[in-house]
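Report on the structure given below.
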Amino acid sequence: MKKLLALMMALALLLTTAMAEDLVFTGAVEQEEMTDEELIALIHPEYPESDLLSHKLPEDKKTVTVLTHYSMGATKENFEKLFGGELVEVICGVNEYSSKLQNMVAAGNPPDLVAGESNSNNFILTLVKPGLVQPFDPYIDYNAPELADMKAQYDAGMWNDQHYLAPYTQRPLYYMIFNPMIFEENGLETPWELWERGEWTWDTFREYAQLLNVQDESGSWVSFGTAIPPYATLTTTTGVDYVTLGNGQPEINLRHPDIVRAENFMNNMIWQDDIIKIKAQNAWKGYWNRGMLAMQIIESWTFAGDADIAKAARNGRLGVCPLPQDPENCEAGVYNTWGQSGGFCLVKGAKNPEGAALLLRMLAYTSRYEVPEHDMTWQSKLDSLHEQGFTNEVLYQQYESFSMENALISFGYGIMADRGVWDFMGSQNNWTSHVETILPGVEETIREMTAE
């Protein structure tokens, strides 16, 4: 049941996001054909009845202002349809949240919410410590039916016994895409097929990456196994975070043996053994578009509006699968990865905290419940995806790759973002010696986070 719920949540998020016009689906997978009814029954079990739609916004509480780095698309329409509310967006870059928020507060016009994700920045240091946000606890109850399955993520972000980040979505940081045609041409099983048997590990990934670096008789490259991935991709499968929040008592894990092992494994693939030939970050796309790249680990948001990947999906030359797993902790059907919680922080001095809490509940609700009177049905959303060329088999495969059943919600990723952890992959290096370089800065960050 736990895995079923995790799978259901993943597709619910994907379908809802697709309706918000900010996600493109991918995948090509050999699966037994599913009917729409079977797929919907699999991923949309009955939730307990919720009273959310019976709530009314008072006339003076209909406007909710959100500081965000992205347009909220269909969310604005749904808030108006369901509650007669108005969602006002103030858009800026993630790294500008703190300064923008301070300016808005100083001008006497604070927003109600500021967007937050567990992995995007150190919200404790940039928002909580300066007193820019307040706890959500008085305004929202994560025992509500539409939020109950997010309570573990809510509690994961607790700081000094209070909740400052209220999530409504969860997804892995990364997953893998692959070109099934290249595997077929080389007589190899796909990563998805290996994943299903519990054989998709770091070692197999390394082997395939090397085997699929193929040159023709003249020495020209025919295909590459993979390109340099984003940061920490194998580390995410160890079950150990760089830094844990610890409810106000952070713990630094940079010297943990599993992190050392994962970081060195990837660095060796890139530099010492020269298996990964494409070494520039984000250079993978050009090779992918030319049909020369066998597989690539990418950020889970990379599909957003990507016409090239959508085209590959329609042409049946794209598959999706979970990340290669730690060979010391690999079990068929169990996906170990880092996840991220996406949600909001409640701004201190917010003019409409009650409306803000209702908006957040609505976001969770529309990912989990049908609202037929407003054309928000699973079938209509599925029909829209079919029109784009995505089959039920494709959606099921991507579902598995979004499984959060065994995911560790990472806050250390955001904490480390400004402390040089990303420099490690830029040249041949040893993680142990690299940590000695970056550790003083990380320790300083922790001191700043915990200072009274």
In the set V260, V222, the lone residue that is assigned to a strand (DSSP E or B) and either touching a Lys or Arg at 6+ places or on another chain (Cβ under 9 Å) or surrounded by fewer than 21 Cβ atoms within 10 Å (Cβ to Cβ) (or both) is V222
Picked from the range 398-452 (must be aromatic (F, W, Y) and surrounded by fewer than 22 Cβ atoms within 10 Å (Cβ to Cβ)), the residue nearest to N282 (Cα to Cα) is W422
Condition set assigned to a loop (DSSP other than H, G, I, E, B), among the small types (G, A, S) and in contact (Cβ under 8 Å) with a residue 60 or more places away in the chain, scope the range 281-325, selection farthest from R171 (Cα to Cα): answer is G291
Over the range 111-168, the set of residues farther than 23 Å from Y365 by Cβ, hydrophobic (A, V, I, L, M, F, W, C) and either in the same structural domain as I446 (by TED's automatic domain parsing) or touching a helix residue (DSSP H, G or I) at 6+ places or on another chain (Cβ under 6 Å) (or both) is I124, L125, L132, V133, M158, W159
Restricted to the range 88-103 and to residues being surrounded by fewer than 20 Cβ atoms within 10 Å (Cβ to Cβ) and of a type in the set (A, V, I, L, M, F, W, C), the residue nearest to S367 (Cα to Cα) is V88
Scanning the range 138-157 for residues that are among the aliphatic types (A, V, I, L, M) and closer than 26 Å to E299 by Cβ gives L147, M150, A152, A156
Of (1) loosely packed, with under 11 Cβ neighbours inside 10 Å; (2) among the β-branched types (V, I, T); (3) touching a helix residue (DSSP H, G or I) at 6+ places or on another chain (Cβ under 7 Å), T35 satisfies every one except (3)
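Residues checked against (1) over 22 Å from W431 (Cα atoms); (2) small (G, A, S); (3) at pLDDT 95 or above:
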| site | (1), (2), (3) |
| --- | --- |
| T201 | no, no, yes |
| Y208 | yes, no, yes |
| L211 | yes, no, yes |
| A227 | no, yes, yes |
| Y242 | no, no, yes |
| Q249 | yes, no, no |
| I252 | no, no, yes |
Among S427, S384, the single one that is at pLDDT below 90, small (G, A, S) and assigned by TED's automatic domain parsing to the domain that holds V320 is S427
The residue that is surrounded by the fewest Cβ atoms within 10 Å (Cβ to Cβ), considering only those in the range 271-280 that are in a loop (DSSP other than H, G, I, E, B) and at negative phi, is A280
Of the residues in the range 120-179, those that are outside any strand (DSSP E or B) and polar (S, T, N, Q) number 8
Going through the range 41-54 in order, the residues found to be surrounded by 14 or more Cβ atoms within 10 Å (Cβ to Cβ), at pLDDT 90 or above and part of a loop (DSSP other than H, G, I, E, B) are S50
Residue set A262, A307, A294; condition at pLDDT below 95, more than 19 Å from the chain's Cα centre (by Cα) and either under 28 Å from L439 (Cβ atoms) or among the aliphatic types (A, V, I, L, M) (or both); output residue A307
In the set T169, T233, the lone residue that is within 26 Å of M425 (Cα to Cα), in contact (Cβ under 8 Å) with a residue 60 or more places away in the chain and either of a type in the set (S, T, Y) or surrounded by 23 or more Cβ atoms within 10 Å (Cβ to Cβ) (or both) is T233
Of the residues in the range 332-375 that are part of a helix (DSSP H, G or I) and of a type in the set (G, A, S), the one that is surrounded by the fewest Cβ atoms within 10 Å (Cβ to Cβ) is S367
Reported set for the range 271-291 where residues are more than 21 Å from the chain's Cα centre (by Cα) and not hydrophobic (A, V, I, L, M, F, W, C) is Q272, D273, D274, K277, K279, G286, Y287, N289, R290, G291
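The values are calculated or read from the model by the stated rules, or taken from the named source; none is laboratory data. Nothing here was measured: the structure is a model prediction, and the numbers come from that model. So basically every Cβ, Gly included, is an ideal-geometry build from the backbone, and we count neighbours across all protein chains shown.
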